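Before any comments, here is the structure.
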Amino acid sequence: MKQFKTKYGSFSSDGTEYIISTPRTPRPWTNILTNGDYGAIVSQTGSGYSWRSNAQLNRISRWEQDLIKDEWGKYIYVRDNDSKKFWSAGWKPVCAEPDRYECRHGIGYTAISSLNNGIESELLMFIPNGVPLEVITVKLVNTTKKARSLSLFSYLEWNLGAAPDWHREFHKCFINTKYDTAMNAVVATKRLWEVPSEDGHWNRNWEYTAFHACSVKPSSFDADKESFMGMYGSLRAPESVVTGTLKKKSGNALDAIASLKINVTLKPKEEKEIVFLIGATEQSGEIAELVKRFQSVKEVHRAFGEMRQKWDALLSTVRVDTPVDSMNLMLNTYLKYQAIAGRLWGRTGYYQTGGAFGFRDQLQDSQIFLPIDAEQTKKQILLHAKHQFADGTVYHWWHPLSEMGLPTKMTDDLLWLPFVVHEYIVETDDLALLDCAEPFLDNAQPASLYSHCTRAIDMVLSRFSERGLPLIGAGDWNDGLSAVGLQWKGESVWLGQFLHRILKEFAYLADRYGDGVTAARYRARAAELKQAINIHGWDGEYYFGATKDSGEKLGSAACTEGRFWLNTQTWSVLADVADGARASQVMDVVEKNLEFKNGPVLVHPAYSTPDTKIGYLTRYSPGMRENGGVYTHAATWAIMAEAKLGRADAAFRMFCELNPIVNGAKPDEYLAEPYVTPGNIDGPNSPFYGRGGWTWYTGSAAWLFKAGLEWILGVRASQHGLVVQPCIPATWKKYSVVRTFRGVTYTIRVTNPDGVSGGIASACVDGTPVALDAKTPGAVVLPLFAACSTHSVDIVLG
């Protein structure tokens, strides 16, 4: 039975696919396919692009950002040689009206099936494990009572380097194409790569060889866009498909494409499957071996199964079963898949083609791996440590392959390194991580990760105002505050809260590391900082946001616009800056003044006039993105803050407000995909209130997963063991979580027989009662066991 059905689609009965029933969705609804190196993104129309390692600097196929047309992609045309009719195996670019259509976005694959002119087709796209190529299979079935003569025409435009290819007449001068008859493949190289060489100029080859091959011998090929499309022609009806001929043109300085023509005859009811390959290798000699391997349909089927097994293994280490199916779908499958495929491996999406590593961004995203495969979080930590300067500052972002980066005056970036290091050690108890040595960007001499972390913290501690608050520089976590403190006078209250938490947490690590002096210093600074925030950052009823270089308050009751800021309320709770009644008071302010139908907005009311002393946040249209919209990443922190205070109904309500499945129930308002989180949802000051956007490439997926699992379901890591502290609505009667922690698998069953949202009445592990945690009301810390063991946990609420 399909789940959460709308007029555009639904989830499959097992929840592992989103099934789209029409190609005309409100926006392109996409899927990201990647093995961690090679990747592709595909929409329900069959459009999209491919890359290797970096979706911006190493784009393989051309694509331009136009979400209205969505007609850049890698296409398969199907032509009936008798009637001369033709259509697309996906839907774009021909846009013929199919008799039947279905797109299934699955975990690691997309399949588009349709019925056109009596020919049933299924277009399957996936990336096999560990190889630099994508597989596109076309399965054809003749449903009619007569034999059919068909031709398939593949089509893609070579990009081969940095994207977008904004100067095609220049870049095509460096591309060379040829047809390799032994491999049935078009091969492409490029003699220029827009990545600086050692002399700082564009003076290097594109260091790959691209190829497009097929499992059967093509009857013809083309590598020239002009001869394929026809001068002044279009992809909807290209000359070669209209006439049924390819002109076998290849060589230098063409507008380079790859097209293969495959003739197919089908008897009545007969089925045939053809395999197309697109890839890019560093050694041209590898291509023949890869093509030979994947020209086998049997090998393709085996690789498809292995790909699915890999994803199943990654996503199965944490499983939940709650009374709310939409929550189960997001926590069990889609949030994990989005964070890994979209943010960590692909780092791209239709709304932002990306490619770079953000210092703060992928560190936060890597938390998704903590309960899945913490070694991947460790690798991410060490990678980011290499992109730090010796004084503790860091790149805001950098591009893999080129290592080009942007030194930052953003003042929070550097602190995410010690933050995630602490989270990793809490999860794994691997204190040895602190001894791992990595170099700095400006000093090749390796230093311990502990030193990397303390340098970051100490740099922020050196940039304080006379009032004892940290300076905001070119922005704290909110990039849009890009002009608040450029003179290094403006203050950030949120940064102070964030730093307070890090000082306390890292002091604990410093003690364990044997550095009591630093531990004591950090605790003393934390106490001073907490006092300063509560004196100078308090606005009477809540915490204001920041001060400009002039000293003017932002996010204050004195402001006409942007009067309430979300982050300083939520993090006052998450960082233990607000105590007791004050903590509850600020979350009351959030619920009253910032929470709307799609969750809490980042600021309210929105700024209606650009302010050059605040930054580009005020230049967004009112109610959009950071300017009065729901900025989903930050909104997840509100869920966590509510749950930390035990406000179960509010926490769960906000989770539902952000849940794309819930918002997707109104698809013509929401527009965005209902199976991945958006970066933003338009707020009440927008004329398009409730509109979602910026999907896939958002840091909200990993945080919404943490908010649901760790704070509502209450299953989270601690230094001394796995904590269970439920914060569920009273109407829930039961739920369960399977969670691996330090190599031990716990099956946790929570029952709520009296229908209350209070604390834990009793807890048993393997039938033996376990004492409740005296330090944390309503919580139990599960005992630690030997790795590879499994244990059953039964908890009764009361």
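Among the residues of the stretch 90-111, is there at least one that is modelled with pLDDT of 95 or more, open to solvent by less than 10 Å² (accessible area, probe 1.4 Å) and more than 31 Å from the chain's Cα centre (by Cα)?
no
I'm trying to understand the selection: among the residues of the stretch 744-763, which are among the hydrophobic types (A, V, I, L, M, F, W, C), out of contact with any Phe, Trp or Tyr (no Cβ under 8 Å at 6 or more places or on another chain) and assigned to a strand (DSSP E or B)?
If the condition is that a residue be among the hydrophobic types (A, V, I, L, M, F, W, C), out of contact with any Phe, Trp or Tyr (no Cβ under 8 Å at 6 or more places or on another chain) and assigned to a strand (DSSP E or B), then Ile748, Ile760, Ala761, Ala763 are the ones that fit.
Looking at the stretch 622-649, which of its residues are over 19 Å from Thr698 (Cβ atoms) and not aliphatic (A, V, I, L, M)?
Pro622, Glu642, Lys644, Gly646, Arg647, Asp649
If Phe11 satisfies every condition in (1) closer than 17 Å to Met330 by Cβ; (2) aromatic (Phe, Trp, Tyr); (3) open to solvent by 10 Å² or more (accessible area, probe 1.4 Å) but one, which is the exception?
Phe11 satisfies all of (1) closer than 17 Å to Met330 by Cβ; (2) aromatic (Phe, Trp, Tyr); (3) open to solvent by 10 Å² or more (accessible area, probe 1.4 Å) except (3).
Cβ-Cβ below 6 Å, separation at least six or inter-chain, first residue in the stretch 399-413 and under 17 Å from Trp206 (Cβ atoms), second open to solvent by less than 20 Å² (accessible area, probe 1.4 Å) and at pLDDT below 95: which pairs?
Ser402/Val195
Do we have Ser114 as crowded, with 21+ Cβ neighbours inside 10 Å, assigned to a strand (DSSP E or B) and small (Gly, Ala, Ser) here?
In short, yes.
Please name all residue pairs, on different chains or six or more residues apart, with Cβ atoms under 6 Å, provided the first residue is in the stretch 306-319 and is over 14 Å from Asn35 (Cα atoms) and the second residue is aliphatic (A, V, I, L, M) and open to solvent by 30 Å² or more (accessible area, probe 1.4 Å).
Arg319/Val738
Spot the failing condition for Val586; the list is (1) more than 27 Å from Ala527 (Cα to Cα); (2) assigned to a helix (DSSP H, G or I), and only one is missed.
For Val586, the exception is condition (1).
Considering only the stretch 359-396, state which residues are part of a strand (DSSP E or B) and surrounded by fewer than 23 Cβ atoms within 10 Å (Cβ to Cβ).
Listed by number, the list holds a single entry, His396.
Got a sec? Which helices (runs of 4 or more DSSP H) wholly within the stretch 203-314 have at least 1 residues that are of a type in the set (Asp, Glu) and under 34 Å from the mean Cα position of the chain (by Cα)?
The helices (runs of 4 or more DSSP H) meeting that bar are 286-294.
Scanning for something at pLDDT 95 or above, over 29 Å from Asp199 (Cβ atoms), open to solvent by less than 10 Å² (accessible area, probe 1.4 Å) and in a helix (DSSP H, G or I), does the stretch 441-450 turn up at least one residue?
Scanning the stretch 441-450 turns up at least one residue that is at pLDDT 95 or above, over 29 Å from Asp199 (Cβ atoms), open to solvent by less than 10 Å² (accessible area, probe 1.4 Å) and in a helix (DSSP H, G or I).
Residue check, Ser326 against (1) assigned to a strand (DSSP E or B); (2) farther than 29 Å from Thr209 by Cβ, all met but one. Which one?
So Ser326 meets the others, but not (1).
Only one residue in Ala280, Ala288 is crowded, with 20+ Cβ neighbours inside 10 Å and over 27 Å from Tyr232 (Cβ atoms), so which one is that?
Checking each option against the conditions leaves just Ala280.
Does Leu382 satisfy the criteria of being at pLDDT 95 or above and within 28 Å of Glu194 (Cβ to Cβ)?
No: the conditions fail for Leu382.
Yes/no per residue for (1) polar (S, T, N, Q); (2) within 17 Å of Pro684 (Cα to Cα); (3) open to solvent by less than 10 Å² (accessible area, probe 1.4 Å); (4) modelled with pLDDT of 95 or more:
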| residue | (1), (2), (3), (4) |
| --- | --- |
| Gly545 | no, no, yes, yes |
| Asp576 | no, no, no, yes |
| Ala581 | no, no, no, yes |
| Glu595 | no, yes, no, yes |
| His604 | no, yes, no, yes |
| Tyr607 | no, yes, no, yes |
| Ala638 | no, no, yes, yes |
| Ala641 | no, no, yes, yes |
| Arg647 | no, no, no, yes |
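Give the stretch 317-343 a look and list any residue that's modelled with pLDDT of 95 or more, surrounded by fewer than 22 Cβ atoms within 10 Å (Cβ to Cβ) and either among the charged types (D, E, K, R) or farther than 20 Å from Gln3 by Cα (or both), or say none.
Val318, Arg319, Asp321, Asp325
Is it the case that Val141 is modelled with pLDDT of 95 or more, outside any loop (DSSP other than H, G, I, E, B), surrounded by 22 or more Cβ atoms within 10 Å (Cβ to Cβ) and over 18 Å from the mean Cα position of the chain (by Cα)?
no
Right, Asp611: among the acidic types (Asp, Glu), touching a Leu at 6+ places or on another chain (Cβ under 9 Å) and open to solvent by 10 Å² or more (accessible area, probe 1.4 Å) or not?
yes
The values are calculated or read from the model by the stated rules, or taken from the named source; none is laboratory data. Only a predicted model underlies this, so the values are computations on that prediction, with no experimental measurement involved. A quick note on method: Cβ atoms are made from the backbone with ideal geometry, for glycine too, and the neighbour counts reach across all protein chains shown. The protein model used for the area step is the full one, side chains on, heavy atoms only, and it has no ligands, DNA or RNA in it. Shrake-Rupley method; radii C 1.70, N 1.55, O 1.52, S 1.80 Å.
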